[in-house]
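Visitor: So that we are looking at the same thing, I have put the structure below in structure tokens.
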Amino acid sequence: MLHRLRQPWVASLAIFVGFICIWAWLTTTPSGPVNAADAEYARLAGQSAAGQQASAIPSPRAVALRGYELIAHALDDDNPNNLGIAWHLVYSMGRVALGFTLALAVAVPLGFILGLWPACYQALDPFIQVLRPVSPLAWMPLALYTFRDSTISTIFIIFICAVWPMLISTATGTASVRAEWLNVSRVFGVPRLEHVTRVVFPASVPMILSGMRISIGIAWFVIVAAEMVGAQSGIGYFIWNEWNNLQIASMIVAIVLVGGIGLALDVILKRIGEGLSFRE
Amino acid sequence: MADLNINDVSMSFVDRSGKALLALDRISLAIEHSEFVCLIGHSGCGKSTLLNIVAGLLRPTSGAIRCAGAVVTGPGPERAMVFQSHALLPWMTCVENVHLAVKQAFRGAPRSELMDRAEQALKLVHLEHAIGKYPFEISGGMKQRVGIARAFAVQPKVLLLDEPFGALDALTRSSLQDELVRIVETTKTTVVMVTHDIDEAIFLSDRIVALSNGPAARIGRIWKVETPRPRDRLKLTSDFEVIKYRKEILEFLYKKAPFPQLAS
């Protein structure tokens, strides 16, 4: 019995329960006597002001109820101004998928070329080094101005942030194939094309996949911010909209969902990576 | 005529400060057809460099290599190599690894013949059960067997081995040595092998070439091993001749070409 308690998930669960308890305690304790001005303001402004008397942050119970409500109406699409949360997530994931796929289609072939021809890499390196650290959101106004469409702009933002890790890791992976494998090709006279397709490419697959994993993480990071700035749908828009409505509980539910989906994306790419990489 | 001629080969490397460092100093050696030659010396003395020059992976600073009369300008199918690390491609099965080499050596042959050759080569090293397996599924000794099969499968004139058994345990090593002797005897292949194992060199070689310590390594001494074949590993341990070779080689390595730190 005791050895079961030593397992890591027990500690994780304990931390979670502890966190919820502290959260509940902090949010249900009234914050001092209600002051007269507030009461007056509440009469004038109605419920939203009155609700602030206890705490601005909702209790875990309120968040759970709100979560249940949001999930119960997750697939609502009768009113375009009040889409269900699942649709927002679908929009976000769709944009990430499109931007990420475009980035993949550009980064892997280009990275492969850069890795095979170091001179190309050296020529392009200054541009990569300057563009890579630019926050993806810095591109947003330029993208909105250029494309005049918020959806295309967010997809572009995802593209631009996802392209660098994949480009660099593909180029590095292609350029740093183990010398012993290159020597096998040379000693046995494997022709160039076969060498590239059957030796260099499989050897760099693990690096390409780890670049993809980093990219999808960043893309999911950035989509929330991009949609806050310039979109009428998506989970980023949802969070910003709920903030404007002062629906703190909805925001917290959305944050948890964003985290869960980010984790799922990472696990999926990790699995794909394990499936496609060679074993030694 | 000799199968392999190493003619006045020198090799220098340029280090990071731009200084040229002479690794091999005017090495000349003629290796006869179906002769088994071991290069022995301290690690870092340049014996692997010499083997890589023979393989065509490195170009000598001066001098030339001739294989069956033709000047070596790069790697070629008449000189196959077994690498220190087995150097199998982990994403290919054993037979695919051998096939990749066979395909280049017998370009234009039908696929069925190439597959057949690859499988025959694996059978030669008793790996018929591992044909469809990936390198990660087999032991270190078996991987090196695949490496040997790959080299023999292209039917080279000269077989180059770069410390092929260095990473293996003693028992696996001796069984692979036996295997190598058996195949070399049936195929009459000329062999140049780099090793730092004195017993291995005596057991396998017709001639043992000891390099002096680097930098600027030269041929220090050559022993002709006249112990008749087939050689019995157990009898060899108490063979008077063998003990003499062993003593001389040890003396050479420890006195004439001592460790760099002992020399200074």
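Here, each number is a calculation from the coordinates, and none is a lab measurement. Just so we're clear, the structure is a prediction, and the values are computed from it rather than from any experiment. Note that each Cβ is placed from the backbone with ideal geometry, even for glycine, and that neighbours are counted across all protein chains shown.
Visitor: Modelling each spin label as a point 7 Å along the Cα-to-Cβ direction, I'd like the A:Leu263/B:Glu241 distance in nm, to one decimal.
Guide: It is 7.3 nm.
Visitor: Please work out how much length the chain gains when fully extended from B:Lys19 to B:Glu137, using 0.36 nm per residue of separation minus the C-alpha to C-alpha distance, in nm with one decimal.
Guide: Values: separation 118, 0.36 × 118 = 42.48 nm, distance 4.55 nm.
Gain on extension, B:Lys19 to B:Glu137, equals 37.9 nm.
Visitor: Now, a different point. Springs between alpha-carbon pairs under 10 angstrom, Gaussian network model over chain A: which of A:Phe188, A:Phe147, A:Phe156 fluctuates most?
Guide: Residue with maximal mean-square fluctuation among A:Phe188, A:Phe147, A:Phe156: A:Phe188.
Visitor: To the nearest µm²/s, what D does Stokes-Einstein give for segment B:130-211 at 37 °C and 0.692 mPa s, using the Kirkwood radius over alpha carbon pairs as Rh?
Guide: Working: Rh = 13.5 Å.
Taking Rh from Cα pairs, D becomes 243 µm²/s.
Visitor: Among B:His129, A:His88, rank each residue by its count of other Cβ atoms within 10 Å, from fewest to most, as a rough exposure measure. Working shown, then result.
Guide: Numbers: B:His129 11, A:His88 23.
In order of increasing Cβ crowding within 10 Å: B:His129, A:His88.
Visitor: So what's the convex hull volume per residue for the Cα atoms of segment A:85-276, in Å³?
Guide: Roughly 120 Å³ of hull volume per residue.
Visitor: Here's something else I'd like to know. Quick one: if the Förster radius is 41 Å, what FRET efficiency do B:His129 and A:Glu274 give, using the C-beta to C-beta distance and rounding to 0.05?
Guide: Values: r = 27 Å, r/R0 = 0.66.
Computed FRET efficiency for B:His129 and A:Glu274: 0.95.
Visitor: Related question: Helix-only estimate, please: 222 nm mean residue ellipticity of chain B, summing -39500 (n - 2.57) across DSSP H runs of length 4 or more and dividing by its residues, to the nearest 500. Please list the in-between numbers first.
Guide: Values: 9 runs with 94 residues, N = 264.
After summing the helix terms and dividing by the residues of chain B, the value is -10500 deg cm²/dmol.
Visitor: Could you tally the net charge around A:Ile85, taking each other residue with its Cβ under 11 Å from the Cβ of A:Ile85, Lys/Arg +1 and Asp/Glu -1?
Guide: Details: positive: A:Arg66; negative: A:Glu69, A:Asp76, A:Glu242.
Its environment carries a net charge of -2.
Visitor: Would you mind telling me which residue in A:Arg95, A:Arg186, A:Arg148 has the biggest mean-square fluctuation in a Gaussian network model of chain A, where springs connect alpha carbons within a distance under 10 angstrom?
Guide: Of A:Arg95, A:Arg186, A:Arg148, the Gaussian network model singles out A:Arg186 as fluctuating most.
Visitor: Between A:Phe127 and B:Thr187, how many nm apart are label points set 7 Å from Cα along the C-beta direction?
Guide: For A:Phe127 paired with B:Thr187, the spin-label model returns 4.9 nm.
Visitor: Same structure, new question: What is the mean number of Cβ atoms from other protein chains located within 10 Å of the Cβ atom of each residue in peptide B:150-161, rounded to a whole number?
Guide: Working: counts 3, 2, 0, 1, 3, 0, 1, 0, 0, 0, 1, 0.
So the per-residue partner count for this stretch is 1.
Visitor: Rounded to whole Å and ordered largest first, report the semi-axes of the equivalent ellipsoid of segment B:1-66 derived from its Cα gyration tensor (root of 5λ). Numbers along the way, then the final one.
Guide: Details: eigenvalues 108, 34, 16 Å².
Ellipsoid semi-axes (Å, largest first): 23, 13, 9.
Visitor: To test your reading of the geometry: what angle, between 0 and 90 degrees and rounded to tens, separates the Cα axis of helix A:8-28 from the longest principal axis of chain A?
Guide: Approximately 40 degrees, to the nearest ten.
Visitor: With springs connecting C-alpha atoms under 10 Å apart, model chain B as a Gaussian network and identify which of B:Ser112, B:Ser175, B:Ser12 has the largest mean-square fluctuation.
Guide: B:Ser112
Visitor: Taking every DSSP beta bridge with both residues inside the protein assembly as shown, roughly what % is antiparallel (nearest 5)?
Guide: Details: 20 of 39 bridges.
Bridges in the protein assembly as shown that DSSP calls antiparallel: roughly 50 percent.
Visitor: Name the lysines eligible as straight-distance cross-link partners of B:Lys123: C-alpha to C-alpha under 20 Å, and not fewer than 8 places from it in the same chain.
Guide: B:Lys103, B:Lys133, B:Lys143, B:Lys188
Visitor: Simple spin-label model, 7 Å along Cα-to-Cβ: A:Ala72 to A:Ser135 in nm?
Guide: 3.9
Visitor: Under the definition of partner shielding as Cβ atoms of other protein chains within 10 Å of a residue Cβ, what is the mean value for peptide B:103-110? If you can, show how the numbers build up before the last one.
Guide: Details: counts 5, 7, 2, 0, 2, 0, 0, 0.
Other-chain Cβ atoms within 10 Å of each residue's Cβ, averaged: 2.
Visitor: Can you give the calculated 222 nm mean residue ellipticity of chain A, where each DSSP H run of n ≥ 4 adds -39,500 (n - 2.57) and the sum is split over every residue, rounded to the nearest 500 deg cm²/dmol? Spell out each step's value before the answer.
Guide: Working: 14 runs with 214 residues, N = 280.
So the calculated ellipticity at 222 nm is -25000 deg cm²/dmol.
Visitor: Return one number: the angle in degrees, 0 to 90 and rounded to the nearest 10, between the long axis of the Cα atoms of helix B:94-105 and the longest principal axis of the Cα atoms of chain B.
Guide: 80
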